[in-house]
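Presented below is the structure to which this report refers.
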Amino acid sequence: MTYTLSKSELEEIYNFALDLGRRAGQILIEGVDKRTGEASGRGDNVEVEKVNAVDIVTQTDLDVEAFVKDEITKKYPSHSFIGEETYSSGSSKEYLIKDDPTWCVDPLDGTVNYTHLFPMFCVSIALVLNGMPVVGVIYQPMLDTTYSAYTGGGAWQDDSHPLKPRRPLPYITNPTSPLPPNAPSGCIFACEWGKDRRGDTPTSALSKKVTSFLNLASELNSRDGKGGMAHGIRSLGSATLDLAYVATGAFDIWWEGGCWEWDVAAGICILREAGGLVTTANPPADWETCRVPEVVLGGRLYLAIRPAGGGKGESGREGQERVVREVWKRVETLEYGRPGFEVKMK
């Protein structure tokens, strides 16, 4: 069954999500305030490891998710809800999003950053319909910055805040900048180290990521032709914010494996609405000639390219697909599957 929402319904949900993101972010700021007051200490917000020392949950994660779920359930009782903390507390890793309206929420993306008071953490709220995010809100409370979009409504930084009027994404739109002709040379490449830190074999996820990072960073055409000479490699510690920065155009490329749907749903909505491209991280067997597939939510493998204008002899989309192939040429194949989920490229 295909579900539909009118533009007015989407706009109503979008405005609700914007307000909810700000209110949820205030809970995060209250947690920061408790830890930075005179009587506080770094241990006030107790950390619990989920898998290892970089995969942690705090009480604040749980409090924010409970608040967001309660508010959504009161407003839209017929909608489904999936949050990182309630999902992670179970043993199943199945893909649970169906075609009906489903809220996909990460109450605190960048928990390690939050525990260290590094401001790259956020609340991420998305509504998914027929398997694709149609509303996305990311609120970065320590910097009081919002990134948001809904299908057909454009992508924006900030909202109706009196002192921070909203600005369209990407930042440069008159005209939108084409991608560099020798990309990834001249690009900012964003990536994350991931939570799987078992790097003792060449086939481990960490080893494959490090090899890919070296390829993208090395002098152009070095490393047996895989050197990309990217301007720089950035790691924010938040996949959600990585996608937001790609939507702004500040990051040109983001490549990652291992993300769950709450890590990316809001960012995918915002980036697509801004004009960006999101596809799979792994190069297909026929990567040089295949049609570049659209993103599959739940596939755990992502490659994002910023919004791009046309250049000499190519459209913006053609430039994006060119850069996708140049990245595929240089990266290792990552293995992040999940039980019973088959990635069907669109």
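Taken together, the values in this text are just the output of simple stated rules run on the coordinates, not laboratory data. All values reported here derive from a predicted model rather than from experimental measurement. As a convention, Cβ positions derive from the backbone with ideal geometry for all residues, glycine included, and neighbour counts pool all protein chains shown.
Could you go through the range 300-314 and let me know if any residue there is under 26 Å from LEU129 (Cα atoms) and more than 19 Å from the chain's Cα centre (by Cα). It would help to see each step written out before you state the result.
Pass one, the range 300-314, residues under 26 Å from LEU129 (Cα atoms): 300-307.
Next, from what is left, pick out any that are more than 19 Å from the chain's Cα centre (by Cα): none.
Scanning the range 300-314 turns up no residue that is under 26 Å from LEU129 (Cα atoms) and more than 19 Å from the chain's Cα centre (by Cα).
If you take the residues in the range 249-260 that are buried (at least 23 other Cβ atoms within 10 Å of the Cβ) and touching a Pro at 6+ places or on another chain (Cβ under 9 Å), which one is farthest from ASN174 (Cα to Cα)?
ILE253
Among the strands (runs of 3 or more DSSP E) contained in the range 250-346, which hold 2 or more residues that are basic (Lys, Arg)?
Ranges flagged: none.
May I ask you to verify whether ALA244 is in contact with a strand residue (DSSP E or B) (Cβ under 6 Å, 6 or more places away or on another chain), part of a helix (DSSP H, G or I) and either of a type in the set (A, V, I, L, M, F, W, C) or under 23 Å from PRO175 (Cα atoms) (or both)?
When the stated conditions are applied, ALA244 passes them.
All but one of (1) hydroxyl-bearing (Ser, Thr, Tyr); (2) in contact with a helix residue (DSSP H, G or I) (Cβ under 8 Å, 6 or more places away or on another chain); (3) in contact (Cβ under 8 Å) with a residue 60 or more places away in the chain hold for THR279, so report the exception by its number.
Failed condition: (3).
Looking at VAL296, is it hydrophobic (A, V, I, L, M, F, W, C) and either in contact with an Asp or Glu (Cβ under 7 Å, 6 or more places away or on another chain) or surrounded by fewer than 18 Cβ atoms within 10 Å (Cβ to Cβ) (or both)?
Judged against the criteria, VAL296 is not a match.
Which of the residues that make up the range 117-133 are among the aliphatic types (A, V, I, L, M) and surrounded by fewer than 24 Cβ atoms within 10 Å (Cβ to Cβ)?
Of everything in the range 117-133, those that are among the aliphatic types (A, V, I, L, M) and surrounded by fewer than 24 Cβ atoms within 10 Å (Cβ to Cβ) turn out to be LEU117, MET120, LEU129, MET132.
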